1. Give the long-range amide H neighbours of residue 40: residues separated by 5 or more places, or on another chain, with amide H under 5 Å away, using H modelled in the peptide plane at 1.01 Å from N.
2. Per-residue HN-Hα couplings for the range 14-31, Karplus 6.51 cos²θ - 1.76 cosθ + 1.60 at θ = phi - 60°, whole Hz, x for Gly and Pro?
3. May I ask you to compute the full-extension gain from residue 3 to residue 19, defined as 0.36 nm times their residue separation minus their alpha-carbon distance, rounded to one decimal in nm?
4. Could you give the length gained on full extension between residue 12 and residue 39, defined as 0.36 nm per residue of separation minus the Cα-Cα distance, in nm?
Amino acid sequence: MMQPAPELTRDIVLVGGGHAHALVLRKWGMAPLPTARLTLINPGPTAPYSGMLRATSPATIPAPRSRSTSSASPASPARG
């Protein structure tokens, strides 16, 4: 017999797809809170990766390669 899904009691909203939020998504993928829903709001499909900003400054790496995608789903951890 299947257990009913726990009732959602919290909404956690992350605004912006930065590096810190990617780490939160990764941790969430490993140990989600069963009664909370996590939502990431980002204006675009990619976000700048802070570790690559210095390299893109002098144009040593084209900007598109310095961006990470925000295609993580709730079932899979983000990769950073």
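1. Those lying under 5 Å, H to H, from residue 40 are 14.
2. 9, 9, x, x, x, 4, 4, 5, 4, 5, 4, 4, 4, 4, 4, x, 7, 8
3. Working: separation 16, 0.36 × 16 = 5.76 nm, distance 3.56 nm.
Here the answer is 2.2 nm.
4. Working: separation 27, 0.36 × 27 = 9.72 nm, distance 0.62 nm.
Full-extension gain reported as 9.1 nm.
The numbers here are math on the coordinates, done by the rules we state, and not lab data. Please read all numbers here as calculations on a predicted model, not as lab measurements.
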